[in-house]
Amino acid sequence: MDMTLNDVSRPGRLAEPDEGISAEELALAARNHGMPLEALRYDVTPAGLHYLLIHYDIPYAEEESWRIAVDGLVDRPLTLDLAALRAMPSRTVRVTMECAGNGRARLLPRPVSQPWLVEAVGTAEWTGVPLRDVLAAAGVDPAAVEVVFTGADHGVERGVEQDYQRSLALDEALGEDVLLAYAMNGSSLLPQHGFPVRLVVPGWYGMAHVKWLRGITLTDRPFEGYQQAVAYRVRRDADDPGVPVTRIAPRALVAPPGFPDFMSRNRVVRPGPVLVEGRAWSGRAPVTSVEVSVDGGQTWSAADLEPDTGHRWAWRRFTYAWDAVPGSHLLTARAVDALGGEQPIDQAWNRGGFANNAVQQIPVACLH
Ligand SMILES: Nc1nc2c(c(=O)[nH]1)N[C@H]1C(S)=C(S)[C@@H](COP(=O)(O)O)O[C@H]1N2
Ligand SMILES: [Mo]
């Protein structure tokens, strides 16, 4: 491997117009699986069905020897083990998490990276200690402006060798639902989801939720690490400094109705009533409405949105009673949030394929 060929000042590659998914993209897709869309029927995604995204390797970890260092601009640097975390008051929050690259593989031209279609999402009940309680125990120096989170995983990305690290502005980090989570759906974290401890930042795209957390550092300046300053920025082109990827844009997904064709995964339904159901979410503001279309977005009907269940950071279920008639249909749905955020019918392209929330498209054949 010649890492000098990589140029960190440039974003990743774009596929040529006719270039299919490469073996490298396939290797990423085989490690990092999506949520099978039929799992949209669960309020809380069973852990094994939740999507996965791991930049490097899953670190081998043992709970007994795990330590988290809290350092930098604090009055009392701390070294926390799992027993210390478990002894603190805990909080459980239901959170819909989505990878910022969700939808990337449908973009033209295609940014070459983990090739998600629309399935990089899942909802879990995370239990852990509010980060702000840990920061209060350490005593935050008034000069601190950011908190840098370091994972135990290590790799190289476009020539830059690094630990996986991300930061949050101090005011974001102090949110009551930002957790150092040691349980997912009532059980210890699975290795692939960050065992034994991960950060959970409700409402933010997945990259913020640092797994295998081993360091929390208070700093007096914005963090300039690779995952903050180079990756995860919405750029129009390679020279655009871009803007950081932050909170999750509104999206609705339908659980594909009927039954699938094995290879194409196109759906087959029988004529008559079909209950279309799905989930909608936004990390920016609560979802206020969802519409469904069965003609590829030419006409839209209001879906029934389930009453607010009080889980601010979790997706909401919606249903639509469709009377299917024989022929070909293109099923789709779109969500609107309380800030007026919407989903484009066409792609909203950017260089890394981030925060793309173009509507889903499900070809459905209704039998005669
Ligand atoms: N340490 C570490 N944390 C990480 C990552 C990683 O590669 N290493 N991937 C991030 C990304 S890009 C996403 S989308 C989420 C995925 O979390 P999940 O695999 O539990 O669904 O983890 C985030 N946290
Ligand atoms: Mo991600």
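Could you state the accessible area per residue of the chain in Å², with a 1.4 Å probe and every protein chain left in place?
Working: 16390 Å² over 368 residues.
Using a 1.4 Å probe on heavy atoms only, each residue of the chain averages 45 Å².
Which semi-axis lengths, in whole Å and largest first, follow from the square roots of five times the eigenvalues of the Cα gyration tensor of the stretch 155-211?
Working: eigenvalues 90, 61, 13 Å².
The three semi-axes for the stretch 155-211 are 21, 18, 8 Å.
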Check: For S22 and H154 in the same chain, what is the full-extension length gain: residue separation times 0.36 nm, less their Cα-Cα distance, in nm?
Finding: 45.1 nm
Item checked: Largest-first ellipsoid semi-axes for the stretch 92-175, taking √(5λ) over the Cα gyration tensor eigenvalues, angstrom -> 30, 19, 12
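Probe radius 1.4 Å, ligands and nucleic acids left out: which of H209, H154 has the largest accessible area, and how do the rest follow? Don't skip to the end; give the middle numbers.
On the way: H209 5, H154 95 Å².
The most accessible residue leads, giving H154, H209.
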Next item on the list: Evaluate the Debye formula for the stretch 251-366 with equal point scatterers sitting on the alpha carbons, no solvent, and hand back log10 of I(q)/I(0) at q = 0.23 Å⁻¹, in q order, two decimals.
Entry: -1.29
Margin query: Below 8 Å between Cα atoms, with a sequence gap of 6+, how large is the relative contact order for the chain in percent?
Written below: 18 percent
Notebook entry, point to check: At R76 and D43, where each label point lies 7 Å from the Cα along Cα→Cβ, what is the point-to-point distance in nanometres?
Noted result: 3.9 nm
Notebook entry, point to check: R0 = 41 Å: FRET efficiency of D220 with S65, Cβ-based, nearest 0.05?
Noted result: 0.85
Check: Where is the GNM fluctuation largest for the chain (alpha-carbon springs, 10 angstrom cutoff): T79, T332, T92?
Finding: T79
Margin query: What three numbers, in Å, describe the spread of the alpha carbons of the stretch 5-86 along their principal axes, ordered from the longest?
Written below: 57, 43, 22
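What order do D163, D337, D304 take when sorted by accessible area (1.4 Å probe), most exposed first?
Descending accessible area places them as D304, D163, D337.
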Note to self: Please give the Cα centre distance for the stretch 186-214 versus the stretch 324-347, rounded to the nearest Å.
What the structure shows: 31 Å
Next item on the list: Give me the accessible area of W313, 1.4 Å probe, in Å² rounded to the nearest 10.
Entry: 60 Å²
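Nearest 5 is fine: what % of DSSP beta bridges in the chain come out antiparallel, could you say?
That works out to approximately 90 percent antiparallel.
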Next item on the list: Starting from the Cα-Cα distance between S264 and L190, subtract it from 0.36 nm times their residue separation and give me the gain in nm to one decimal.
Entry: 23.5 nm
Next item on the list: Provide the convex hull volume over Cα atoms per residue for the stretch 88-234, in Å³.
Entry: 114 Å³
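Taking all protein chains as present, what is the carbon and sulfur share of the accessible area of the chain, in % to the nearest whole number, probe 1.4 Å?
Numbers: 8860 of 16390 Å².
Of all accessible area on the chain, carbon and sulfur atoms account for 54 percent.
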Check: Quick one: Debye curve from the C-alpha atoms of the chain, no solvent, what's log10 I(q)/I(0) at q = 0.15 Å⁻¹?
Finding: -1.37
Next item on the list: Take the chain, connect every pair of alpha-carbon atoms lying under 10 Å apart with a spring to form a Gaussian network, then pick out the residue of G175, G128, G278 with the largest mean-square fluctuation.
Entry: G175
Notebook entry, point to check: Taking a probe of 1.4 angstrom, what is the accessible area of Y320 in Å², to the nearest 10?
Noted result: 40 Å²
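On a full-extension model of 0.36 nm per residue, what is the gain between H33 and I345, subtracting their alpha-carbon distance, rounded to one decimal in nm? Can you show the working numbers first?
Working: separation 312, 0.36 × 312 = 112.32 nm, distance 2.52 nm.
Here the answer is 109.8 nm.
The values are calculated or read from the model by the stated rules, or taken from the named source; none is laboratory data. Note that the structure is predicted; figures quoted are calculated from it, not measured. Positions of Cβ are generated from backbone atoms using ideal geometry, with glycine treated the same way; all protein chains shown enter the neighbour counts. Ligands, DNA and RNA are stripped out before the accessible areas are found, and what is left, the full protein with its side chains, is counted by its heavy atoms. Shrake-Rupley method; radii C 1.70, N 1.55, O 1.52, S 1.80 Å.
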